[in-house]
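The values are calculated or read from the model by the stated rules, or taken from the named source; none is laboratory data. As the structure is a prediction and not an experimental result, all values here were calculated from the model. All Cβ positions, glycine included, derive from the backbone under ideal geometry; neighbour counts span all protein chains shown.
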Amino acid sequence: MSDNRVKKAPPSIDEWLQEAKAHRMATRSGMFLIHNGVVRETPKAQVRQGIDDGSVVTGMEFSYDAAKVDKVITETLNMEGIFHVKVWLNEGQLEVGDDIMYVLIGGDIRPRVIDALQFLVGKIKNECVIEIEQKS
């Protein structure tokens, strides 16, 4: 996992899109899809499992394994019709409203791009990161 415990400044999505549209495979892309995950005050267990213990998220300790993320990016780029993938992950002590991640996927048609985004974000969240919610 990453050793840096200071949250990072988020990337410029405008710059990411300019870069993606200038990429050698951009002429084959018909869609770019962006995901921005943020720290919310509702606990994960409440949103995903309906378990409401009355607590509220006040922050999160976030870290990730860069090698695992790189592997998942490669897997995503090997999906049919996917030509561009860019990922940014924050780290350290995050507050409610802080950015956790940005993901940009470019590909030929909407269903493939949506599937690739689902695949990539799901793999990152389930296999590459550690999120420790702090609650009150």
Quiz prompt | Index of the failed condition, Val57 passing every other in (1) hydrophobic (A, V, I, L, M, F, W, C); (2) under 24 Å from Lys8 (Cα atoms); (3) within 18 Å of the chain's Cα centre (by Cα) | solution = (3)
Quiz item: When only residues in the stretch 100-136 that are under 15 Å from Asn78 (Cα atoms), without any contact (Cβ under 8 Å) to a residue 60 or more places away in the chain and out of contact with any helix residue (DSSP H, G or I) (no Cβ under 9 Å at 6 or more places or on another chain) count, which is surrounded by the fewest Cβ atoms within 10 Å (Cβ to Cβ)?
Solution: Gln118
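Looking only at the stretch 27-58, filter to residues that are free of Cβ contacts under 8 Å to residues at least 40 places away in the same chain and in a helix (DSSP H, G or I); which one of those is surrounded by the most Cβ atoms within 10 Å (Cβ to Cβ)? Walk me through how you get there before you give the answer.
So in the stretch 27-58, the residues free of Cβ contacts under 8 Å to residues at least 40 places away in the same chain come out as 27, 42, 45-54.
From the residues that got through so far, the ones that are in a helix (DSSP H, G or I) too are 27, 45-49.
Working: Thr27: 9, Ala45: 14, Gln46: 16, Val47: 11, Arg48: 8, Gln49: 9.
Checking each candidate, the answer is Gln46.
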Quiz item: Which pairs have Cβ atoms under 7 Å, sit 6 or more apart or on different chains, and link a residue in the stretch 1-24 that is within 21 Å of Lys68 (Cα to Cα) to one that is at pLDDT 95 or above and assigned to a helix (DSSP H, G or I)?
Solution: Ser2/Ala66
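Being part of a helix (DSSP H, G or I) and aliphatic (A, V, I, L, M) is the filter here, so list the residues in the stretch 59-117 that pass it. Quick ask: steps written out before the conclusion?
Filtering the stretch 59-117 for residues part of a helix (DSSP H, G or I) gives 66-77, 110-117.
If the condition is that a residue be part of a helix (DSSP H, G or I) and aliphatic (A, V, I, L, M), then Ala66, Ala67, Val69, Val72, Ile73, Leu77, Val113, Ile114, Ala116, Leu117 are the ones that fit.
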